[in-house]
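Below is one structure, written out as C-alpha cells; comments come after it.
The values are calculated or read from the model by the stated rules, or taken from the named source; none is laboratory data. All figures in this text were calculated on a predicted structure; none of them were measured in a lab. With ideal geometry, Cβ positions are generated from the backbone for all residues, glycine too; neighbour counts draw on all protein chains shown. Please note that ligands, DNA and RNA were not included when accessible areas were found on the heavy atoms of the full protein model with its side chains. Shrake-Rupley method; radii C 1.70, N 1.55, O 1.52, S 1.80 Å.
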Amino acid sequence: MKPLIVVTNDDGVLSQGIAVLAEVAAQFGEVLVCAPDTERSGSSHAITFHTHLRANPIREGWWHVSGTPVDCTYLALHHLCDRKPALVLSGINAGYNLGTDVFYSGTVGGASEAYLRGISAIATSVDRGASPWWIVPALRRLVPRVLAEPGVHLLNVNAPALPGHEGAPDEDARRHAERLPVEVTRLGAREYEDMVEHRTDPQGRPYFWIGGPARPTSRAAGEDTWAVAEGRVSVTPLELDITATDLGIARRLVGDDSQSTEER
Ligand code: MN
C-alpha cells in the first residue's frame, strides 16, 4: 500500500502553494488535502474547541475546513484518514517562516500538530512573491528520505528564488530551482518593525492593524536567515521541547537551597 501523505497549509485551500505541494506529494504516496477554507496565516498552534468546525469535500481527496491548520491536521489524522499517515506536509507558504516566525506561523503549526501526534512533518515556505516551484527539487529529495527514515522528524524548509530570478514566473522557477544548494541550519534572528495602524471605520469607531514589515537583522553563518540570503534552501530540524537548557536560574528563583548551594 502506498504511504498516505496529508497536505495542509495556512494560506487557504485555494492558494497556489498547496496545489504545488499536493502535486509533489502525489509522486510519493496517496494524498489527502485538508486545509483552511480561508487564509489563516499567523494562527500558530491555535485549535478550535469553543465552537464547531465544518469540513467539506471540494473534490476527491480534497477537504476544506472552517478552522486553523492545526484543526485541519487534527481532523485529517483522527477522522478523515482511513489509516495513520506516513507524513504531513504543510505549505507551500507564500512568505518565509524563519527564526522566531516559527512561533507565529500557521504553516509550522499544522506540521507541529502532526509531530506532536508521532507523525513526521515538513513545513515549507518560499520568499514572499516567489514561485512555490523554487522549493520543489529540495522537497523531491527530502520527502522519500523522510518517509524512509525511522523516528519522528519535524523539518522547517524555506527556499529563496535563485539570486537574479526574484519575481520570476513559475516556468523560470521550474527550470532553475534545481540549481539552489541546500543547507542544514539553525533558527536565526527575525525582527519586525513594531507597527500599530490606528484607523477609523465608517461608523466613526477606531480599529487597528498590527504588525510591520521584517527589518534586516544580523545573520550568522549556519542560520536559516543567512542561508536564504545566500541563495540557499534552508532545512532546519525542529524540536518542540522549549525547556531552557540551564535550570539553575529557576532553581534559585524558587529558592531551592539544596540545588543552589551545590552550584555555588
Ligand atoms: Mn501563510
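Close amide H pairs (under 5 Å, H built 1.01 Å from N) link residue 154 with 121, 238, residues at least 5 positions away or on another chain. Each Lys and Arg Cβ is given +1 and each Asp and Glu Cβ -1; about its Cα centre, the range 23-145 then shows a dipole of about 260 debye. In this structure, the amide hydrogen of residue 186, modeled 1.01 Å from its nitrogen in the peptide plane, lies closer than 5 angstrom to those of 223, 224, counting only residues at least 5 positions away or on a different chain. Each of 32, 99, 81 was scored by the projection of its Cα onto the charge dipole of the range 21-116, and the greatest displacement toward the positive side belongs to 81; charges sit on the C-beta of Lys, Arg, Asp and Glu. Note on the range 137-264: dipole from Cβ charges, positive end direction compared against 176, 248, 212; the farthest Cα belongs to 176. The residues packed around residue 20, meaning those with a beta-carbon under 14 Å from its beta-carbon, carry a net charge of -2 if Lys and Arg are +1 and Asp and Glu are -1. Taking the Cα centre of the chain as reference, the dipole from Cβ charges on Lys and Arg (+1) and Asp and Glu (-1) amounts to some 480 debye.
Taking every C-alpha pair closer than 8 Å and separated by at least 6 residues, the mean separation divided by the residue count of the chain gives a relative contact order of 16 percent. Per-residue ellipticity at 222 nm computed for the chain from its helices equals -7000 deg cm²/dmol, with DSSP H segments shorter than 4 residues left out and the rest contributing -39,500 (n - 2.57).
Mean-square fluctuations from a GNM of the chain, with a 10 angstrom spring cutoff on Cα atoms, peak among 62, 226, 133 at 62.
In this structure, the amide hydrogen of residue 40, modeled 1.01 Å from its nitrogen in the peptide plane, lies closer than 5 angstrom to those of 11, 12, counting only residues at least 5 positions away or on a different chain. Going by the alpha-carbon gyration tensor, a ≥ b ≥ c the square roots of its eigenvalues, is the range 153-264 rounded (a/c under 1.5) or, if a/c is not under 1.5, prolate (a/b greater than b/c) versus oblate? Since a/c reaches 1.5 but b/c is at least a/b, the shape of the range 153-264 is classed as oblate. Taking a sphere under 13 Å around the Cβ of residue 207 and counting the other residues whose Cβ falls inside, with K and R at +1 and D and E at -1, yields a net charge of 0. Label positions at residue 195 and residue 52, each projected 7 Å from the Cα along the C-beta direction, are separated by 3.9 nm. A rounded overall shape is assigned to the range 1-123, the ratio a/c of its alpha-carbon gyration tensor axes (a ≥ b ≥ c) being less than 1.5. Solvent exposure of the range 60-204, expressed per residue, is 46 Å² of accessible area, with all protein chains present and a 1.4 angstrom probe.
Relative contact order for the range 1-156: what percent, with Cα pairs under 8 Å and sequence separation of 6 or more? That works out to 26 percent.
The dipole here belongs to the range 80-146: it is taken about the Cα centre, uses +1 on the Cβ of Lys and Arg and -1 on the Cβ of Asp and Glu, and is about 280 debye. Here the accessible area is traced with a 1.4 Å probe on the protein chains. For the chain, carbon and sulfur cover 52 percent of it.
In this label model, residue 100 and residue 27 are separated by 3.7 nm, measuring between points 7 Å along each Cα→Cβ vector. First check a/c for the chain, with a ≥ b ≥ c the square roots of the eigenvalues of its C-alpha gyration tensor; if it is under 1.5, answer rounded, and if not, answer prolate when a/b is larger than b/c or oblate otherwise. Because its axes are fairly even, with a/c under 1.5, the chain counts as rounded. For the residues 176, 52, 79, a GNM of the chain with alpha-carbon springs under 10 Å puts the largest fluctuation on 52.
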